[in-house]
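No value in this document is a laboratory result; all are computed from the given coordinates. Predicted model only: the values in this text are computed from it and were never measured. Don't worry about glycine lacking a Cβ; one is built from the backbone with ideal geometry, like all the others, and counts go over all protein chains shown.
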Amino acid sequence: MADQLATASQRGLRPALPLLLPAYLWLTVAIFLPLSAMVFFSFMTDLPLAGKEWAFTLGNYAAFFSQSLYSTLLFASLRLGLEVTLWCVVIGYPAAYVLAKVLKGRSREAIFLLVILPFWSNGLVRIFSWAMVLREGGILDTALNAVLPFKINIDLMYSYPAVIIGLVHSYVPYMVLTCYLTLQAIDDSLIEAGRSLGASRRQVLWRVIIPLSMPGLIAGSALIFVPVVGSFMEPRILGGRTGTFYGTVIEDQFVAVFNWPLGAALSFILLAVVLIILALAAPVLRRAG
Amino acid sequence: MRMPRLTAFLTATAVFVSAFTLAAQAAEEVHVLNWKGYGADEPWAVANFEKATGFKVVNDFFNSEQEMLTKIRTNPGLYDVVMINAAFNDQAMAGKLIQPIDVSKLSNYADVAKDKAGSPMLNHDGKVYGVPWVWGLTALAINEKSFDKPPTSIAEMWDPAHKGRVIIRDDAVEAVQFGALASGQNINDIKDMDAVKAKLTSLMPQIKTFWSSENDWNQMVASNQIDIGTYWSGSADRAKTHFKLPVSLVIPQEGSVAWLDAFSIPVGSKNVAGAEAFINYMIDPKFYVEWVTKVGAPVSANTKAVEALPEDAFNRKVMGSPEVAKRIQFQAPITDEQRERYLALWQELKVNVK
């Protein structure tokens, strides 16, 4: 019996190879190789271009620890990531619940389309349209003043809230989609059973629906948290003078001052910190899931 | 069996022929790297040049001097002409990015002002590495709607009345040199860095946002979101002439940072003759007068070109006046060590603003 299983799995690998090979070849060429080059760069004093002298160094990593600037920015970015993720849960989860459990048929399709719609437009276009809405004398300011009897002055542009609004807008569809998938998979009879056994609506939510949809919540949070911590486009355009984050400093190293080694080192420190956070959170999340 | 072989033969010939025509075309192209909307990409100018010489102009753009250096470093052989601020010419030459220019091929070179053409920033070992094109100022520009009469001092930027309506460029060197002016120092020899830091720290709460391109600045004025900010003299002229915005340039009594923009030919250029023709056209008085009238421009380095302007033109009357010449300080090259120090200071200021 055991022998049979072993041969079956051995036989299973060979036919699987042609199916696996393209994906892994692609990953090797497109992701692994450039990333290894970046790891290599991060230990160099300078780029070996135009016959420049270079040597190996740990200085780029040391720069992170010797200047409080970088850790301050990293904390600001981590906080930004947490806040954006939280808002995405608050906004996205109820929407996913309604899509999965309340709406049926045509109306579900229509609402679903509205959630996906932002994905079809270019990110930069979305951010610049936010700029038109948020600034003083912009769409939001004018509309509210036209309706309200008293004069208010709304100028959210170039502020921390503007960055949050822009990022939440960009990433909330991920949360809706992942939560929708897990919520839809919950058998309605479980909810009915809970109700018929005397649980209140709130108890059903906390004891049945949320625990069962936890994998979707976790997947959505990870999908949002990781890119937001490294985001640079939204803070730069919407944040104004408060828009300096860890991601924008990395971008500066690559684009503005041509210090690729330092930029690469800062990126890998970010990667390490994010991995540590996810590893620390894993046991808690697994228990919850 | 014969037919497919014939087809294959024909296809191969067609591929070869088109490859040759492509190569031939590439040799006739002049690839120009410059700021966007900065003279070299004006459609009428490109059309005139192409008609006169038969070369085809392909424009590419950068958003910062560092990006320009990155582009010529990482694309050797792609560009034929690159516009480099004279203060960066040293760095480009030391990095073996640009080659000496045979100025005898440029008929307009003799008319370039002697002090500009002879600038030690553009000449190394008796060879010319940059042809002076235009010069201008990083001064202040104001939104005319916010002022009854134009201010005269840099201190206006710190006036609480303009809180949240001031804009400066997101550039470490420019910011630090501006701080040096505001604290009464020489921009090329900053002795008291703490004074610069204190000045800029107190400026931060006044700032609305940072600009990085002309378009940013002009949009902020068009939507009436700013009162005053640092701006380039040519850009302010363009905002007024071309975009009809209520912008005017102020050269404060404390002085201004002056820069000299020059054209260079990158090492590995595939069309040096085309590059020379293009540079010669760019310093031609006819092109310059048209540029100033139609669009707005900084001051030409070619004395004949400036003389061709009407006598009351801003670029001739104000920028050419000895009184202004006394106040301005030309940017000198900056070492990597200085640049990193300026960047560290600038980043610290931007982080602490939160």
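At-a-glance table
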| read-out | value |
| --- | --- |
| Burial ordering of B:PHE243, B:PHE287, fewest other beta-carbon atoms within 10 Å first | B:PHE243, B:PHE287 |
| Chain B: projected area of the alpha-carbon convex hull, averaged over directions, in nm² | 22.2 |
| For segment B:225-249 and segment A:57-100, distance of Cα centres in Å | 38 |
| Descending semi-axes in Å of segment A:49-121, equivalent ellipsoid built from Cα gyration tensor | 47, 19, 8 |
| Whole-Hz ³J(HN,Hα) from phi, Karplus 6.51 cos²θ - 1.76 cosθ + 1.60, for segment A:111-120, glycine and proline x | 5, 4, 4, 5, 5, 6, 3, x, 4, 7 |
| Karplus (6.51, -1.76, 1.60) ³J(HN,Hα), θ = phi - 60°, over segment B:247-261, in Hz, Gly and Pro reported as x | 10, 9, 8, 10, 9, x, 5, 6, x, 9, 7, 10, 10, 10, 9 |
| Of B:VAL81, B:SER213, B:LEU106, farthest towards positive along the dipole that unit charges on Lys, Arg, Asp, Glu beta carbons give the protein assembly as shown | B:SER213 |
| Segment B:312-338 and segment A:202-228: distance between their alpha carbon centers, rounded to Å | 61 |
| Farthest positive-ward along the protein assembly as shown dipole, Cα basis, beta-carbon charges - from B:ALA297, B:ASN59, B:VAL131 | B:ASN59 |
| Between 0 and 90°, nearest 10: helix B:285-294 axis offset from chain B longest Cα axis | 60 |
| Restricting segment B:181-221 to trypsin sites (Lys or Arg not before Pro) in coil, as DSSP defines it, with at most 13 other Cβ within 10 Å | B:LYS191 |
| Stretch gain in nm, segment B:TRP44-B:ASP115, where the contour uses 0.36 nm per residue and the Cα spacing is subtracted | 22.5 nm |
| Proximal lysines relative to B:LYS350, as straight alpha-carbon distance under 20 Å, when same-chain residues fewer than 8 apart are discounted | B:LYS163, B:LYS197, B:LYS199, B:LYS208 |
| For segment B:159-221, radius of gyration divided by Kirkwood radius, i.e. Rg to Rh on alpha-carbons | 1.00 |
| Principal-axis tilt of helix B:272-282 within chain B, Cα atoms, nearest 10 degrees | 40 |
| Bins of 5 Å, starting at 0 and running to the largest distance - Cα pair percent for segment A:10-167 | 1, 6, 7, 8, 10, 12, 13, 13, 11, 8, 5, 3, 2, 1, 0, 0 |
| Fewest-first sequence of B:ILE167, B:ILE98, A:ILE186 by Cβ atoms within 10 Å of each Cβ | A:ILE186, B:ILE98, B:ILE167 |
| Between 0 and 90°, nearest 10: helix B:65-74 axis offset from chain B longest Cα axis | 20 |
| Size descriptor, Kirkwood hydrodynamic radius, that averages inverse alpha-carbon separations across chain A, Å | 22.9 |
| From phi via Karplus (6.51, -1.76, 1.60), per-residue ³J(HN,Hα) for segment B:35-45 in Hz, x at Gly/Pro | 5, 6, x, 10, x, 5, 9, 5, x, 5, 5 |
| Enclosed volume per residue, in Å³, of the convex hull spanned by Cα atoms of segment A:136-289 | 163 |
| Fewest-first ranking of A:ASP188, A:ASP46, using other Cβ atoms within 10 Å as the exposure measure | A:ASP188, A:ASP46 |
| Value of relative contact order over chain B, rounded to a whole percent, pairs C-alpha under 8 Å and six or more apart | 25 |
| DSSP-defined antiparallel bridges as percent of all bridges, chain B, nearest 5 | 60 |
| Coarse-grained scattering of the protein assembly as shown at q = 0.08, 0.09, 0.10 Å⁻¹, given as base-10 log I(q)/I(0) from a Debye sum over alpha-carbon atoms | -0.76, -0.93, -1.08 |
